[in-house]
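Everything on this sheet refers to the single structure shown next.
The values are calculated or read from the model by the stated rules, or taken from the named source; none is laboratory data. This structure is a prediction, so every number in the text was calculated from the model and none was measured. FYI the Cβ positions are ideal-geometry reconstructions off the backbone, even for glycines, and counts take in every protein chain you see. Calculation scope for accessible area: heavy atoms of the full protein, side chains included, ligands and nucleic acids excluded. Shrake-Rupley method; radii C 1.70, N 1.55, O 1.52, S 1.80 Å.
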Amino acid sequence: MSDVVYINSENAVKDQWNLLAQYAYPTNIVRYLQQHGFADSKKLAEYVAGCFRQSEAYFVAAENSPIDISPLLQYYGAVTLLAGASAMIRGTQLTIKGHGMTLNASNIKRIADAQVIPRGKGALQQFTDIFSPGCSFANGEPWTMEEILGSVPDLKQDFETCYQEAIPYAIPIEIVKRDRGSLERISKKDLARFKVPEDALANIENLLQSYLVPEHTNQYIILHRKIKSPEIGTYSLFNQKHLQIAHSKKAKKLTLSQIINMFMGMFSLGFLSRYHPEFWNPFVRSDETGELLLVEKFIAVCQRYFPNLVLNEIQQSRIQFVNKTKGILDLSISSSSEDSKQGFLKVRGISKGKIL
Amino acid sequence: MSIRSDAYDICKLIWDSPSREYLKSLLLKLQASEAGYLARGQRAQILSFLIIDQRKPELEKKLHPLHIVPLKDEERILLSNAHRQIVQLNKECIASLSPKLPQCIKSIDPYVKFGYEQLPVGVEYDILTEKTIEKMAASFSKHPAIEVVLHSMLPDTTKMTEGKYAESVLTISETLFKAGVFDAPSDFQRILFSQAKDSIQRIIARHITALTCIQASLSVLDQLVYQAILSNKLPLLDKNNIIEIGQMSKNLVGNGLSLLYQPGEQLVMSNICDIVLVKSEALGLPLGQLWKVEAVHHEYSQEFGSSEELTLREVDENLNPFGHLLEHI
């Protein structure tokens, strides 16, 4: 999903919900289902519409609530949004029994130590099948909040500040566009937590299917995309590409989409605040470590970006909200070099056919 | 079967030649030396090292403080014999032209432009056996350009001296090279569009162009032999090292292409005149075509890593880089 759609906006949160709100109307849902080859059903349309309306209400409530309860409201908003979006994408309502995960927060000292434990074929695995295809959770294999927070691209800096020894799972990429071939590069500073850069690269799934052999310079790891290769990686809220380090679970490598990773994190915080007030209350009232800052930022990122990511899945494009002046086409910059690169194969000269 | 596939066959025979390993290790050693750097500029394969060895005093004086290690007698003999066999291969390939148009032979010798003294003779090291040369020559004798040369002989052309032939072929070669791989020289366009096929001017142009094509094909053959001595694989450009396909041109001389690749294990570096294999579906051409390197632009920086931009000219099944021109002239 690399097609980017730029939408001008002065309020991205409001506008993303405006876009999602079109699916709160059965007529639009029926049209979407028909366009995607599904039989329309009034019952399904009403189910989806209800999910989108409730989800927005939960997210608005979370935004306006104190952190004592906002994580749970946000999780409810997320689970409802995924239920509605899944029904649209699959053309049928999923049969979901249970969250598909439990929280282990006994005797934890940090949020990072809380564990989300996938269980059976509940909501987690069913949503994963749609929003992170190919990922199959190992039943009972725990995911720590440290892993989950470390996998959110927009949290990398805060994550590394908060957990001095922890290894991040999202590596920022700088895309360099040049006349002579665009390239992507990783700053070696961003791999400082790894013993050697190869440790990080070896755990990026499909790296060598998508890129030529990485080239190391003193400052960077240079990556060139293979021609016509599938894109890997994910994009942050501010449209920065990140490569994802896979998580090793029972000898399997798993690279979750941001939607599912955030979903697990929201579940963890929601249930921690709801069912472990003996930990949550002192944490939000008098945290001395700074972990609260990270948690607050995670909640803020989910609040802003999670609905955006779900919208991307529904519309099959990467929607980027920007604030730019419209109505100006600037041709004052020389485009000669661009001309030579546009049209991937530029055919010049006299063709054989013309001569004959 | 084609001249190209027969050339592949002789490359495979070279791999099994008993002299190959010794020659290969010597060439690799020389390539890594100061002489190797200078030899790349000569673009005359094995002969490059012999020329540099012969011109050592002059080059050292000119390029002070460069020091060129002289070849040992045995090395000189080894290189001389190998080169002599390549020259012999070329002679046999165009043997059918010799009796009918002897004055054109020198013009199509790829090494004629390199002045060198008589090479030493010594113990024979066979890289190419007589049988191998015979087989390749039989195949090359069917080169369509040879037939064009023989069918475009006019009273005017038969009167041409050896020097005039050499000068004419050299002029056309240089004109084609200067025009680059993406364009046909305007002179050719003018002849093609303004002269009837049976006009004297067009026939003479066809005659000299065909000789140029033969010379270019022999150069490619010689380069393939040289590369076969050095490696069991042709340099390969494919999805594992191509960064970007640039410009592509199908013009009345041939096919031209520029591409950017990342040097690495598969292809460490390229030199002008190298023959490379390109396998990329993005080109929309049959996979596995041979291309001749006409220009190389290398770039390395800490910020952007290393890349090489190659300008390539396609080599057809007759090893001819100017196939379209031969067809249309």
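So, in the range A:83-119, how many residues would count as being without any contact (Cβ under 8 Å) to a residue 60 or more places away in the chain, over 23 Å from the mean Cα position of the chain (by Cα) and farther than 30 Å from A:Tyr23 by Cα?
Counting residues in the range A:83-119 that are without any contact (Cβ under 8 Å) to a residue 60 or more places away in the chain, over 23 Å from the mean Cα position of the chain (by Cα) and farther than 30 Å from A:Tyr23 by Cα gives 4.
Can you say whether A:Glu147 is under 20 Å from A:Asn261 (Cβ atoms), open to solvent by 10 Å² or more (accessible area, probe 1.4 Å) and at pLDDT 95 or above, as far as the supplied structure shows?
yes
Given the range A:178-285, what helices (runs of 4 or more DSSP H) lie entirely inside it while holding 1 or more residues that are assigned by TED's automatic domain parsing to the domain that holds A:Gln115, basic (Lys, Arg) and within 21 Å of the chain's Cα centre (by Cα)?
Because the criterion is at least 1 residues that are assigned by TED's automatic domain parsing to the domain that holds A:Gln115, basic (Lys, Arg) and within 21 Å of the chain's Cα centre (by Cα), no helices (runs of 4 or more DSSP H) in the range A:178-285 meet it.
Does at least one position in the range B:57-64 carry a residue that is at pLDDT below 90, out of contact with any helix residue (DSSP H, G or I) (no Cβ under 9 Å at 6 or more places or on another chain) and surrounded by 15 or more Cβ atoms within 10 Å (Cβ to Cβ)? Break it down stepwise before answering.
Let us first name the residues in the range B:57-64 that are at pLDDT below 90, namely B:57-64.
Within this subset, residues satisfying the condition of being out of contact with any helix residue (DSSP H, G or I) (no Cβ under 9 Å at 6 or more places or on another chain) are B:57-58, B:60-62, B:64.
After this cut, where a residue has to be surrounded by 15 or more Cβ atoms within 10 Å (Cβ to Cβ) as well, the list is none.
Checked the range B:57-64: no residue is at pLDDT below 90, out of contact with any helix residue (DSSP H, G or I) (no Cβ under 9 Å at 6 or more places or on another chain) and surrounded by 15 or more Cβ atoms within 10 Å (Cβ to Cβ).
Among A:Ile89, A:Ile96, which is touching a helix residue (DSSP H, G or I) at 6+ places or on another chain (Cβ under 8 Å), hydrophobic (A, V, I, L, M, F, W, C) and at pLDDT 95 or above?
From the options A:Ile89, A:Ile96, the qualifying one is A:Ile89.
Of all residues being farther than 17 Å from A:Trp17 by Cα and in contact (Cβ under 8 Å) with a residue 12 or more places away in the chain in the range A:44-65, which is surrounded by the fewest Cβ atoms within 10 Å (Cβ to Cβ)? Just the residue, please.
Here the answer is A:Glu46.
Mind checking which residues of the range B:291-307 are in contact (Cβ under 8 Å) with a residue 12 or more places away in the chain and within 10 Å of chain A (Cβ to nearest Cβ)?
B:His297, B:Gly305, B:Ser306, B:Ser307
Going by the structure shown, is A:Phe271 closer than 25 Å to A:Gln164 by Cα and of a type outside the set (Val, Ile, Thr)? First the steps, then the outcome.
Numbers: closer than 25 Å to A:Gln164 by Cα: no; of a type outside the set (Val, Ile, Thr): yes.
Taking the combined requirement at face value, the residue does not satisfy it.
How about the range B:91-190: which helices (runs of 4 or more DSSP H) wholly inside it have at least 3 residues that are open to solvent by less than 80 Å² (accessible area, probe 1.4 Å)?
B:130-140, B:144-151, B:162-179
Quick one: in the range A:1-25, of everything that is more than 20 Å from the chain's Cα centre (by Cα) and touching a residue at least 24 places away in the same chain (Cβ under 8 Å), which residue is most open to solvent (accessible area, probe 1.4 Å)?
Only one residue fits best here, namely A:Glu10.
Mind counting the residues in the range A:175-202 that are within 11 Å of chain B (Cβ to nearest Cβ), of a type in the set (D, E, K, R) and out of contact with any Ser or Thr (no Cβ under 8 Å at 6 or more places or on another chain)?
4
For the range B:312-327: of the residues being out of contact with any Pro (no Cβ under 6 Å at 6 or more places or on another chain) and within 13 Å of chain A (Cβ to nearest Cβ), which is surrounded by the fewest Cβ atoms within 10 Å (Cβ to Cβ)?
If we filter the range B:312-327 for residues that are out of contact with any Pro (no Cβ under 6 Å at 6 or more places or on another chain), which is where we start, we get B:312, B:314, B:316-327.
Filter once more, keeping what is within 13 Å of chain A (Cβ to nearest Cβ): B:314, B:316, B:323-327.
Values: B:Glu314: 23, B:Asp316: 23, B:Gly323: 23, B:His324: 23, B:Leu325: 26, B:Leu326: 24, B:Glu327: 16.
Among those residues, the one meeting the criterion is B:Glu327.
Where in the range B:224-290 are the strands (runs of 3 or more DSSP E), entirely inside, with at least 1 residues that are away from every other protein chain (no Cβ under 14 Å) and open to solvent by less than 20 Å² (accessible area, probe 1.4 Å)?
By residue number, B:275-278.
Residues of the range B:65-77 being open to solvent by 90 Å² or more (accessible area, probe 1.4 Å) and closer than 18 Å to B:Gly41 by Cα, which ones?
Across the range B:65-77, the qualifying residues are B:His67, B:Val69.
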